[in-house]
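To start, the structure under review is shown below, and the notes come after it.
The values are calculated or read from the model by the stated rules, or taken from the named source; none is laboratory data. For clarity, every value in this text was computed on a predicted model and none was experimentally measured. Glycine gets a Cβ as well: all are built from the backbone with ideal geometry, and neighbour counts include every protein chain shown.
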Amino acid sequence: MTKLIKDHGEIPLSIHSSVTGPIGSLSFLKKALLFAELAMISYNDEAEARQAATAAGFPDVTLFDNDGAQAFRFRNDRDCVIACRGTEPNEWNDIQADVDATAVLAETVGKVHRGFKSEVDHLWPELETALTDNDLPLWFCGHSLGGAMATICAGRCFLSHIASNPEGLFSYGSPRVGDHAYVNYVALDHYRFVNNNDVVTRVPPPWMGYRHAGQEVYFDSVGRIRKLDGARKRLDRWRGFFRSLRLFKVDHFSDHSVHGYIEVLLQAVQEDQEDICHGEDATQADELAMPAPPPPAESGA
């Protein structure tokens with residue numbers, strides 16, 4: 001049942017997820033919808049985020065905020081979720097982070113986007129301290145800049161004093177974060193959601209050495225989740241572009257909205273539930289996600 005979270009003078013938040021058991025027991029699509037909604041909730045102020053997260057099943061809410069870099073910890077008796085807040089147009093630090101695409105040496109191996117790394121550097125001491133004694137399954141999520149930050153944070157857990165390594169990472173509309181060596185350094189269940197022509201997922205460009213991490217879950221031009229190869233995906237993106245022009249939109253920008261991601265996932269969850277009611281199994285991740293590309297062969301091999 002959808003719950004509306006109303007804040008004076010703002011459009012109400014619609015929360016569709018309601019967790020009553022471990023996240024790990026949810027179907028893949030229900031997980032994806034939950035983390036997309038938590039990523040959306042992270043854009044709100046602390047009071048509204050607390051109401052919305054409680055409605056979703058996470059009554060323990062903590063905001064981490066340092067020099068404009070922000071993340072929420074959403075927790076209940078069964079799970080702990082870190083949701084990194086994405087780009088806010090009025091936050092100069094966020095804008096600086098997005099445009100500062102210089103690649104710098106990472107704390108692990110390879111190179112990472114300097115702006116995204118800087119945002120995480122602001123938050124990491126507080127996050128690491130808060131998670132040091134965590135004994136709950138740990139998850140990371142985020143949209144846009146928040147997806148990039150969540151990717152870096154999840155990787156840092158493997159090097160830190162945190163006892164629990166992440167169970168999974170779900171990012172939505174995330175830009176590229178680092179080079180091949182960086183994004184392939186840790187083995188992590190990472191699902192990276194891409195809505196058709198979402199322009200943010202195409203930056204920084206590959207010619208600068210940047211690569212995507214994780215397994216891609218692609219939303220096509222009419223809002224279906226599909227596994228498409230490169231040629232069919234390019235054709236579908238052209239369809240999406242011309243379709244948006246007929247609607248007087250530029251879908252390279254409109255496709256980036258976190259609400260668009262939630263709409264597609266909500267429809268997919270509802271269809272999945274109908275199939276289950278007719279005796280079919282829940283849709284599995286490998287039915288929807290493209291495998292992560294292998295790292296490049298070493299020179300001289």
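Each residue in the range 225-269 was checked for being modelled with pLDDT of 90 or more and either farther than 29 Å from Lys30 by Cβ or of a type in the set (Val, Ile, Thr) (or both), and 8 pass.
Residues that are crowded, with 23+ Cβ neighbours inside 10 Å and among the hydrophobic types (A, V, I, L, M, F, W, C) were ranked within the range 183-193; the one that is nearest to Ser257 (Cα to Cα) is Phe193. Asn165: surrounded by fewer than 16 Cβ atoms within 10 Å (Cβ to Cβ) and either touching a residue at least 60 places away in the same chain (Cβ under 8 Å) or touching a Phe, Trp or Tyr at 6+ places or on another chain (Cβ under 7 Å) (or both), yes or no? Taking the combined requirement at face value, the residue satisfies it.
If the condition is being under 23 Å from Ala163 (Cα atoms) and crowded, with 20+ Cβ neighbours inside 10 Å, then the range 32-74 contributes Phe35, Phe58, Phe64, Gln70, Ala71, Phe72, Arg73, Phe74. Counting only residues that are surrounded by fewer than 20 Cβ atoms within 10 Å (Cβ to Cβ) and in contact (Cβ under 8 Å) with a residue 12 or more places away in the chain, the range 128-155 holds 8 of them.
Against the list (1) surrounded by fewer than 22 Cβ atoms within 10 Å (Cβ to Cβ); (2) of a type in the set (Gly, Ala, Ser); (3) modelled with pLDDT of 95 or more, the condition Ser171 fails is (1).
Within the range 270-301, restricting attention to residues that are within 16 Å of Arg226 (Cβ to Cβ) and surrounded by 13 or more Cβ atoms within 10 Å (Cβ to Cβ), which residue is modelled with the lowest pLDDT? Among them, the one singled out is Met290. It is to be established whether one or more residues within the range 117-132 are small (Gly, Ala, Ser) and under 16 Å from the mean Cα position of the chain (by Cα). Scanning the range 117-132, I find no residue that is small (Gly, Ala, Ser) and under 16 Å from the mean Cα position of the chain (by Cα), so the answer is no. Every condition in (1) over 17 Å from the mean Cα position of the chain (by Cα); (2) modelled with pLDDT under 85 holds for Val183 except the one numbered (1). All conditions in (1) touching a strand residue (DSSP E or B) at 6+ places or on another chain (Cβ under 7 Å); (2) hydrophobic (A, V, I, L, M, F, W, C); (3) crowded, with 24+ Cβ neighbours inside 10 Å hold for Ile225, with the sole exception of (3). The selection criterion, being within 22 Å of Gly155 (Cα to Cα), in a strand (DSSP E or B), of a type in the set (A, V, I, L, M, F, W, C) and at pLDDT 95 or above, does not hold for Leu34.
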